[in-house]
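Step one of this worksheet: look at the structure below.
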Amino acid sequence: MKKLLSFVLFFLAGSTLYAGGYRVSIQGQKQLAMGHTGVAVISSAESVFFNPASISFLDGKMNFSLGVSGIIGETRYENKTYGIAENTNNPLGTPFNVFATYKANNWLSFGLGIYTPYGSSVEWEKDWAGSHLVNNIELKAIFVQPTIALKISDQLSIGGGAIYANGSVNFNKNLSRSLVDIDGNRTNVTIKEKGISAWGYTIGIMIKPIEKLNIGFNYRSKVDMVVEGGETDFENVPSSLPNDLSDGTFNATLPMPAEITAGISYEFCEKFLFAFDYNFAKWSEYEALTVEFSNDIGTSTNPRNYKDSETFRFGLQYKACDKITLRTGVYFDESPVQDGYFAPETPRNDSVGYTGGLSYKVNDKLSIDASFLYLHFEEIDNSYDHYQENGQNVPFEGTYKSSVIAPGIGISYKL
Amino acid sequence: MKNIKYIAIIALGLVACEPELDNSVEDASFYSAGTADFSTFVSVGNSLTAGYADDALYLDGQKHSYPNILADRFSHVDGGAFTQPLVSDNIGGLMLGGSPIADTRLVLSGDPLVLTNLVPPTDNLAQPSTTDPTNVLVGPFNNVSAPGAKSFHLLSDVYGEASGILDGTANPYFVRMASSPSATMLGDAVAQNPTFFSLWIGNNDILSFATSGGVGVDQLGNLNPTTYGGNDITDPTLFHGTYDALLNGLTANGAKGVVMNLPSVTSIPYFTTVPYAPLDPTNPDFGPQIPTLNGIFSQLNGVYAYLGVPERSIVFSETSASAVVIIDENLVDLSAQITAVFLGSPAFVPFVESLGLPAAAAPLVANLLGTTYGQSRQANANDLLVLPSSSIIGTINQDVADGLEAQGLPAAMATQFASEGITLPLEDKWVLTANELTMITNAQTAYNNSISMLAAAKENVILVDVKAAMEQLSIGGLSSNGVTITGEYATGGGFSLDGVHPTARGYAFISNIILKRINEEFNATIPETNTGNYPTVYID
């Protein structure tokens, strides 16, 4: 009978849950078009995000930028051993951003940013081969960032802001690879919560050592999205199961890691601006996702073992004429996901982002900004080895290839 | 106008975005069928081919039948469509003219589910079946299989005749799929002109004898199957001839194929779950009675010794589990002698009086002891108790108790002498004795020799040693991709709740074993199936 108990428990063991770790670097149409550089670029209200110190140096009393992109992403999964081929059917992601700055006087500026730096929408076919890891997940976070910047001299400014984050999560997975009710419907769980709030901060320094050269630093703190008493919904649970799998609540923490950015920008040949950013994201904070369920599943610990990751960004801007500014960029984005932890919730390996865009100046105040991102992923053979059944790790392996494009549009307004 | 532009950009993006692998499993040449051709795959057999599980045929079981799993794998190498005679529901069972003629499926059940039993409790689903075998489906069906079919049934031209369902000459599962009432299963298979076939037949030729506890007859030497009872063992010569005809038919057009041999009954939990010595002295319903029982049986054991059969002695241990008492048909019936010895013993009347009965009851008690224990003994390690015996061992057989009371025993004593397996020897049907097992094993060995020999004689027919794989289940189990199945009842994952048929996962393992052989012998590279994704037993 001990056997039967463990056999029933085995259904419940290793309920791997995932959330977190999907940074969406689309915080401003102008800067995205330049490879999402910007920590040392003084151009528009988008600086509220990229480096709050630099708003001190913006022209104009007030600056506004707003924009939105459409992320069209798809991932292919194949497994040769079993002849499996699956595609995600992700809904359109729409990261947006709204930035405003106000120069109170020569040395004091204020800013406000509303943007969506984290999010994930991955949707596999329900009950697909990896449904014990994820059927679908949707993470959203909106950051609101009031900002203040002080111009210390014409060569130096500092800035910072508080970050109020408001997020939601909705995640569905099957409980195991094979548990079904008597009608053959897969037993699954959804965890969801809205209105998760959290706080963080950002600080920046802008240095202009010589004419045409800017150096910028930005630190963005970790923001922990702490869920307490989120909703769980268990479906297709066999009613005689001796374990309590009733709907209830869950607690979990989804970290959005600290990020350090340093970079330079340099103007040359009158019409050109070159920018380089180095990002360091402290993803190693994300060791495991631990979800506490109020029912018999109890605490589910799921190793993630992310590593810190770096991104190298290069951008170029060319003022083609008075009306039109062209931008392009490229970045090399290292994935925080390590071998053996490659789960289909974040099928993200290293990628190269190719960006482009332009601004069309309608008049002295208004310009329209367009951007385009193509994120290129190499095909990768990898696996998630830390899903357990019956105390045994059961790898989920295969070949992945992702593809993402994100066209975006925005406007900038200067007073 | 502008909008259209954006829609066009997005649409372009969607197309450009489609990620493709350099070498996709969906490329036509990725997997190879080798020298085989799966464009028309026909599978012939019994319950094991139909996808029967949990003592019923139901939709999820059919979905996970081994040939359906194979056909899904064959689809990677240009395999054709595979149609099955699907039943009407996921409940299982059969309804003939409004009356159930086959039970609905078993599920683990209980509120709460009791985990402390030797055999976890199961229930048949309460809903009535909606499958009526007289609603004949329009075929042809690639899966030509009928639960319960024996080898010779595949050649029978009355097996699909609805009027024969109730008297057992026809099979309701074949009736509902037969191309005509006089069709044969082989004929319906061959008519599809298969390019590839699978054949797994002969299990029921021994299994129905085994599951019935050996109440049938070993028909060795009788070559006329129309004289066989349902629980009889088929004569091996008849089996050989039948199998030869089946293989000749299936290969007549040059089809390649795979045949499976027959597993041993000792590798299925129906016979290995209930121990021969299940009587636990710590059980409060049994333990306290042991001194009294041993007192009574010591009188009987004295008679056994006197009659020269001391091995039939019945003794219950007060410290360890004891064997049940069973009827063994192969023992000489000593009823009359036992009665006579008791009546001739001067100690008998005092013994009867010590039980609280009058001296006049002595003939009655002597007769009772003689008839009850004339052919009995305690079970030993060579006896296999069938799975359903777990639900009756230690219970009171009320019919017997009533009969004893009618003969004049006080009610309490009548009950005491009607305890199944303790004071009332288990009937033949609950136990497969060593002799019965020998008959089964002899027939099985002969059948398997025929299958090997006949398959070997066909150039393009390969044999899959399912027997060896099933034996593996009882010695460590079979493992793949994080799952291990064993032969343990309900918890092992390999066998469904009837203790005879595999679970969906069990069928998936069998499918992979077959695929491995096909890949080896026909130079194919068909991908296996992921056993971990298949369910095992169902919990209500």
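Here are the numbers for this structure:
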| read-out | value |
| --- | --- |
| Förster-model FRET efficiency, 51 Å R0, A:ASP350 and A:ASN251, C-beta, rounded to 0.05 | 0.95 |
| Where segment B:287-432 is the region considered: accessible area per residue in Å², 1.4 Å probe | 42 |
| Interface area, B with A, accessible, probe 1.4 Å, both sides summed, Å² nearest 100 | 4000 |
| Segment B:459-540, dipole about Cα centre (Lys/Arg Cβ +1, Asp/Glu Cβ -1), debye to the nearest 20 | 120 |
| Most fluctuating residue given options A:THR94, A:THR202, A:THR261, as computed from a GNM of chain A linking Cα atoms under 10 Å | A:THR94 |
| Label-point separation, B:GLU520 to A:GLU378 (7 Å along Cα→Cβ), nm | 3.8 |
| Solvent-accessible area lost in complex, 40 Å² minimum, residues of segment A:373-403 relative to chain alone, 1.4 Å | A:GLU379, A:LYS401, A:SER403 |
| Residues in segment B:469-496 that, when all protein chains are in place, have 50 Å² or more less accessible area than the chain alone would give (probe 1.4 Å) | B:ASN481, B:GLY482, B:THR491 |
| Residues in segment A:172-189 that, when all protein chains are in place, have 50 Å² or more less accessible area than the chain alone would give (probe 1.4 Å) | A:ARG177, A:SER178, A:ILE182 |
| Largest-first principal axis extents of the Cα set of segment A:54-137 (Å) | 67, 19, 18 |
| Crossing angle, helix B:504-522 versus chain B [Cα axis fit, 0-90 degrees, rounded to tens] | 50 |
| Segment A:330-415: C-alpha pair distances exceeding 23 Å, % | 47 |
| Relative contact order, percent, chain B [alpha-carbon distance under 8 Å, six or more residues apart] | 18 |
| Candidate lysines for bridging to A:LYS61, where Cα separation is under 28 Å - those fewer than 8 sequence places away on the same chain excluded | A:LYS30, A:LYS103, A:LYS151, A:LYS208, A:LYS212, A:LYS271, A:LYS319, A:LYS323, A:LYS361, A:LYS365, A:LYS414 |
| Counted charge near B:ASP205, where neighbours are those whose Cβ lies closer than 13 Å (Asp, Glu -1; Lys, Arg +1) | -2 |
| Tensor-based shape of segment A:267-315 (alpha-carbon gyration tensor, a/c under 1.5 rounded, otherwise prolate or oblate) | prolate |
| Accessible surface of segment A:304-374, 1.4 Å probe, proportion on carbon and sulfur as whole % | 58 |
| Charged-residue dipole, Cβ positions (Lys, Arg, Asp, Glu), segment A:135-243 about Cα centre, Debye nearest 20 | 540 |
| Where Rh is the Kirkwood radius over Cα pairs, Rg/Rh for the protein assembly as shown | 1.14 |
| Principal axis dimensions, chain A - Cα atoms, whole angstrom, descending | 79, 40, 32 |
| Degrees, to the nearest 10: B:398-407 long Cα axis against longest axis of chain B | 20 |
| Paramagnetic reach from A:GLU292 (point 7 Å along Cα→Cβ, amide N under 11 Å) across segment A:158-183 | none |
| Within segment A:2-414: Cβ-based charge dipole about Cα centre, in debye rounded to nearest 20 (Lys, Arg +1; Asp, Glu -1) | 1560 |
| Segment A:ASN166-A:THR81, extension gain: residue separation times 0.36 nm, minus the distance between their alpha carbons | 26.3 nm |
| Convex hull volume of segment B:227-331 per residue (C-alpha atoms, cubic angstrom) | 182 |
| Spin-label zone in segment A:312-331 - amide nitrogen under 16 Å from a point set 7 Å from the Cα of A:LYS361 along the C-beta vector | A:317-327 |
| Using alpha-carbon coordinates, inclination of helix A:2-12 to the longest axis of chain A, degrees | 30 |
| Net charge contributed by nearby residues that have their C-beta within less than 13 Å of B:ILE462 (K/R +1, D/E -1) | 0 |
| 1.4 Å probe accessible area per residue over segment A:2-414, in Å² | 37 |
| Neighbourhood net charge (9 Å Cβ-Cβ; Lys/Arg +1, Asp/Glu -1) for A:ILE260 | +1 |
| Carbon + sulfur, % of accessible area of segment B:20-94 - ligands and nucleic acids excluded, 1.4 Å | 43 |
| Relative contact order computed over segment B:287-432 (Cα-Cα under 8 Å; 6+ residues apart), in percent | 27 |
| With every protein chain in place, segment B:118-192: carbon and sulfur % of accessible area (1.4 Å) | 58 |
| For chain A: relative contact order, % (alpha-carbon pairs under 8 angstrom, 6 or more apart) | 19 |
| Cα-based Kirkwood hydrodynamic radius, segment B:287-432, one decimal, Å | 15.6 |
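The values are calculated or read from the model by the stated rules, or taken from the named source; none is laboratory data. Bear in mind the structure is a predicted one, so any value in this text is a computation, not a measurement. FYI the Cβ positions are ideal-geometry reconstructions off the backbone, even for glycines, and counts take in every protein chain you see. All accessible areas refer to the heavy atoms of the entire protein, side chains included, with ligands and DNA or RNA removed. Shrake-Rupley method; radii C 1.70, N 1.55, O 1.52, S 1.80 Å.
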